[in-house]
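Some notes on the structure that comes next.
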Amino acid sequence: MSNNKLDRELIEEILSGKDHTFKVLYDRYKHSLFVLCLRYTKDRSTAEDYLQETFVKIYSKLKQYDPEKGLFEFWARRIAINVCLEDIRKNSLYTVSLSVVEHEEADQVDVLSHLSTKEMLELIQNMPVGYKTVFNLYVIDGFSHKEIAERLEIAIGTSKSQLLKARKYLQGMIAKKNDVYNASHG
């Protein structure tokens, strides 16, 4: 049975009153949505809060899901992203950095081949909130600068600037890891 068909059947059961079936849907998506939430914050506790709020919203809006418009997984991811962005905006965690962050450009970034997914996630998590938010939305979640600007209530130019700064920040952090790697494996 395809994932999409299974999701549709689970959703039909939940909407028909079989609430215990929601646990099956939760178990199917909790890991991938948690990782998504974790990309928008520095700590597991906040990511867990985002995940919980995401599933509360999924449950309350399940009647609005239209399988003809796309897969449930993508719909759920959008809800998770919105939960993260709502909290970032509400708590004024997103601040536009006007200072120029300068990092040395690395001639070679060999360390990329040595970075694990966990290490890359840690690099992203440790970025300043503005950089991290725009980087996640644009590079990983596929939003346009126009969509990012609308969601974060910023100018399109600010979104582009934050993405450029995020990339430079990551380059600098990767260069530092490269220096450490080369020093230890010289």
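Observations
- Charge dipole (debye, nearest 20) of segment 1-51; +1 at Cβ of Lys and Arg, -1 at Cβ of Asp and Glu: 200
- Working value for segment 3-90: equivalent-ellipsoid semi-axes of 23, 13, 12 Å, each the square root of 5 times a Cα gyration tensor eigenvalue, largest first.
- Other residues with beta-carbon under 15 Å from the beta-carbon of Asp66 carry, at +1 per Lys or Arg and -1 per Asp or Glu, a net charge of +1.
- Neighbour counts of C-beta atoms inside 10 Å place Lys132, Lys61, Lys42 in the sequence Lys61, Lys42, Lys132, starting with the fewest.
- Total charge dipole magnitude, segment 112-182, about the Cα centre, Cβ charges on Lys, Arg, Asp, Glu only, Debye to nearest 20: 200
- Gain on full extension, evaluated as 0.36 nm per residue between Lys90 and Lys61 minus their Cα-Cα distance, stands at 8.3 nm.
- Local net charge near Tyr131, Cβ-Cβ under 10 Å (Lys/Arg +1, Asp/Glu -1): +4
- Net +/- balance of residues flanking Ser161 in space, Cβ distance below 12 Å, scoring K and R +1, D and E -1: +4
- At full extension, Thr117 and Lys23 could sit 31.0 nm farther apart than now, given 0.36 nm per residue minus the alpha carbon distance.
Only the coordinates and a few stated rules stand behind these numbers; no lab work does. Nothing here was measured: the structure is a model prediction, and the numbers come from that model. Note: ideal-geometry Cβ built from the backbone for every residue, glycine included; neighbour counts use all protein chains shown.
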